[in-house]
Amino acid sequence: MKRLLGSLIGLSLFAGITGYTSDAFAYGYRECGVFSKSPVKWKDVPPRLRASGVSFPAGTWRDALKDAVSRWNTNPSKFYFNLTYDESSVKRGNDESEVWLSSDDSALKGAPAIAYTWTSFWDCSKIIESDILFDSRVAYTTSTNRRLLREYGGNSRPFQTTASHELGHALGLQHENRFYNIMGSDWTHIHTNGGIATNYPGEDASNGAVFLYGLNSPAIEDLSVTHWKWSGTSGEYSRHRKTQIYNTSGAVLGSFTDDGEETYNVNRGQQVQLELTYENNGANSKTAQVGYYISTNDFITTADSFLGEATFTLGRGTPSTSRVTLTIPSGLAPGKYYIGAIVDRNNVIGEQYEHNNATYIPIRVN
């Protein structure tokens, strides 16, 4: 026997003796019990997640789902998913964890995606099934081209970030509104460099996975930097916006939209404060050298013009949005450039995933 404990974008459904808990640091999860409450999590790891063969045939949709699961499987906890393909028949509550595209409004309940989770009738703290449904009518894109995404001037919602959010629910996490995190507004929790926008669980959700399932051994390490930050709350959800560039008095510089992105006006020789969000998505606190660069394109690498560096000690907990003062080179020709950062610029920290170590903000040099 089992009982339903469902979670979805914009709404939470649950049955049994359960309650929502938000940790003192961040991440939300559920507890159950009367006298001695226990976190709700999977009885056995890894759970087998079966992808519908109709919804996720070989090709871009399957690759996108695989990518979202693979990114979750690099989190520093002992938890991971076992994703299999070509499930011929899917149904909620059939003792199998499945994922599929649907147009069933009674199941989707107005959400672009939903995760239904069942716990053991005899032990409400043990998850035994989770099903994830995506609304097939939503304008998703499985592409990582940032120009297709609505937050970068396009018209589509990134499928991979939505999948990451729902996989977080399937793992046992709930919504969070106090920090920049995937369990808030997922479509603006994203890493971008070189025109490629990719999903990732992030520090807050990774820390929640560690709380529920413990640290993996050997340790999984991952640092990252992004041009997104927390900007407020919307019910259960965190809201995010792009990080900004300021003058030395702390005022936001003037900007305009170009190529779907906020582009800041700066002067040659001007000192500015570059704001970015730094995350430790791994197991252990790390001290990292962060290099700052200016480039003629949106792909920040160590081959670009070096502006300076800073040292950050990043512990596993919640994201850190910080500003660093830099000087725009006085010898630059007027035009469009990109100013950005590379975490662990000398590549001395062994990381599970290296593709989220750099990002940028566009500028116009006058």
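The values are calculated or read from the model by the stated rules, or taken from the named source; none is laboratory data. If you're wondering where the values come from, they're calculated on a predicted model, not measured in any experiment. All Cβ positions, even for glycine, are placed from backbone atoms using ideal geometry, and neighbour counts span all protein chains on display.
The rows are residues; the columns are (1) closer than 14 Å to residue 130 by Cβ; (2) at pLDDT below 95.
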{"position": "5", "(1), (2)": "yes, yes"}
{"position": "21", "(1), (2)": "no, yes"}
{"position": "26", "(1), (2)": "no, yes"}
{"position": "32", "(1), (2)": "no, yes"}
{"position": "36", "(1), (2)": "no, yes"}
{"position": "43", "(1), (2)": "yes, yes"}
{"position": "51", "(1), (2)": "yes, no"}
{"position": "62", "(1), (2)": "no, no"}
Is one or more of the residues making up segment 123-145 of a type in the set (Ser, Thr, Tyr), within 19 Å of residue 29 (Cβ to Cβ) and either in contact (Cβ under 8 Å) with a residue 12 or more places away in the chain or loosely packed, with under 15 Cβ neighbours inside 10 Å (or both)? yes
Unique residue being among the hydroxyl-bearing types (Ser, Thr, Tyr), buried (at least 18 other Cβ atoms within 10 Å of the Cβ) and within 15 Å of residue 64 (Cα to Cα) when the list is 188, 161, 117: 161
For segment 37-56, how many residues are basic (Lys, Arg) and more than 23 Å from the chain's Cα centre (by Cα)? 2
Listed residues 172, 153, 110; which is buried (at least 20 other Cβ atoms within 10 Å of the Cβ), outside the structural domain of residue 233 (by TED's automatic domain parsing) and at positive phi? 172
Take residue 211 and decide whether it is outside any loop (DSSP other than H, G, I, E, B) and either at pLDDT 95 or above or among the hydrophobic types (A, V, I, L, M, F, W, C) (or both). yes
Counting only residues that are surrounded by 15 or more Cβ atoms within 10 Å (Cβ to Cβ) and in contact (Cβ under 8 Å) with a residue 24 or more places away in the chain, how many does segment 46-84 have? 25
Those residues of segment 208-226 that are under 19 Å from residue 354 (Cα atoms) and surrounded by 24 or more Cβ atoms within 10 Å (Cβ to Cβ) come to a total of 4
Among the residues of segment 77-112, write down those that are β-branched (Val, Ile, Thr) and not in a strand (DSSP E or B). 90
Would you check if residue 229 is within 22 Å of residue 196 (Cβ to Cβ), assigned by TED's automatic domain parsing to the domain that holds residue 312 and in contact with a His (Cβ under 6 Å, 6 or more places away or on another chain)? no
Among the residues listed as 279, 262, the single one being touching a residue at least 12 places away in the same chain (Cβ under 8 Å) and in contact with a Pro (Cβ under 7 Å, 6 or more places away or on another chain): 279
Boolean, residue 292 is out of contact with any Phe, Trp or Tyr (no Cβ under 6 Å at 6 or more places or on another chain) and within 23 Å of residue 363 (Cβ to Cβ): yes
Considering residues of segment 159-214 that are among the β-branched types (Val, Ile, Thr) and within 13 Å of the chain's Cα centre (by Cα) only, the residue farthest from residue 242 (Cα to Cα): 162
Does segment 149-156 include one or more residues that are assigned to a helix (DSSP H, G or I) and within 24 Å of residue 82 (Cβ to Cβ)? no
